[in-house]
């Protein structure tokens with residue numbers, strides 16, 4: 001009987017070549033475990049790995065060329081702000097709309113978002129998003145979000161924030177610090193459930209050099225108070 005196999009014994013490998021097979025078979029023996037690898041399988045595996053590596057390095061799949069959309073947290077901020085501006089269209093009470101907006105802003109603060117990245121992501125809203133948010137003002141939305149964050153920053157008890165960077169820029173903080181501080185101090189030190197709008201108007205006029213209409217001042221004060229009532233409740237609710 002003719003010899004059908006030719007063997008070569010290595011340190012931990014046994015090479016077996018079949019005379020009747022086009023592809024040599026490599027048996028790897030190590031202690032009590034062994035694997036049988038066919039050369040054609042090895043070539044197929046290597047080819048697959050090269051293909052994956054080529055796709056990963058191609059310009060189309062490069063992370064630099066991919067433009068991710070806004071996170072769901074930022075999308076929710078935009079939707080909640082839109083409802084604050086248009087509560088009737090959403091069939092919702094204004095007070096409920098403000099409450100849900102501040103809740104979304106507090107969540108974004110805790111998640112580590114900051115003014116710069118929210119501004120960037122609001123600019124990445126898709127056409128479908130903007131179609132649903134008719135006449136959406138990204139700058140005003142960002143300003144309202146920053147009001148919530150400054151309220152949290154100036155409050156005696158701060159929330160845990162998963163970030164090392166500041167939530168708002170120094171410029172924004174300078175513009176709104178006095179306005180928010182007046183409300184926060186009155187809320188905690190004098191237990192004031194509201195603050196005179198004329199004094200808040202004077203503060204904004206002195207710092208920002210502009211006089212906002214009373215309804216806009218009231219809206220921003222409402223956002224600050226709603227944030228305080230949500231995170232640091234002091235008054236019994238009816």
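The values are calculated or read from the model by the stated rules, or taken from the named source; none is laboratory data. These numbers were taken from a predicted model, which means no experiment stands behind them. FYI the Cβ positions are ideal-geometry reconstructions off the backbone, even for glycines, and counts take in every protein chain you see.
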Do any helices (runs of 4 or more DSSP H) entirely within segment 70-167 hold 3 or more residues that are in contact with a helix residue (DSSP H, G or I) (Cβ under 6 Å, 6 or more places away or on another chain), and if so, which?
-> 72-85, 94-110, 115-122, 138-154
When segment 107-142 is examined, which residues are found to be closer than 19 Å to residue 85 by Cβ, buried (at least 17 other Cβ atoms within 10 Å of the Cβ) and at pLDDT 90 or above?
-> 108, 118, 119, 141, 142
Taking the condition in the same structural domain as residue 143 (by TED's automatic domain parsing) and outside any helix (DSSP H, G or I), does residue 216 pass?
-> no
Of the residues in segment 168-199, those that are in a loop (DSSP other than H, G, I, E, B) and more than 17 Å from residue 119 (Cα to Cα) number 7
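Answer yes or no as to whether residue 93 is under 11 Å from the mean Cα position of the chain (by Cα), more than 18 Å from residue 136 (Cβ to Cβ), surrounded by fewer than 19 Cβ atoms within 10 Å (Cβ to Cβ) and free of Cβ contacts under 8 Å to residues at least 40 places away in the same chain.
Taking the combined requirement at face value, the residue does not satisfy it.
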Taking segment 118-148 as the search range and keeping residues that are within 15 Å of the chain's Cα centre (by Cα) and in contact (Cβ under 8 Å) with a residue 40 or more places away in the chain, which one is nearest to residue 183 (Cα to Cα)?
-> 145
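Looking at 167, 181, can you tell me which residue is out of contact with any strand residue (DSSP E or B) (no Cβ under 7 Å at 6 or more places or on another chain) and either closer than 25 Å to residue 83 by Cβ or not assigned by TED's automatic domain parsing to the domain that holds residue 114 (or both)?
On the way: 181 fails: either closer than 25 Å to residue 83 by Cβ or not assigned by TED's automatic domain parsing to the domain that holds residue 114 (or both).
167 is the lone residue from the list that is out of contact with any strand residue (DSSP E or B) (no Cβ under 7 Å at 6 or more places or on another chain) and either closer than 25 Å to residue 83 by Cβ or not assigned by TED's automatic domain parsing to the domain that holds residue 114 (or both).
Inspect segment 181-195 for any residue being within 23 Å of residue 108 (Cα to Cα), surrounded by fewer than 18 Cβ atoms within 10 Å (Cβ to Cβ) and under 30 Å from the mean Cα position of the chain (by Cα) and give the result as yes or no.
The answer is yes; a qualifying residue exists.
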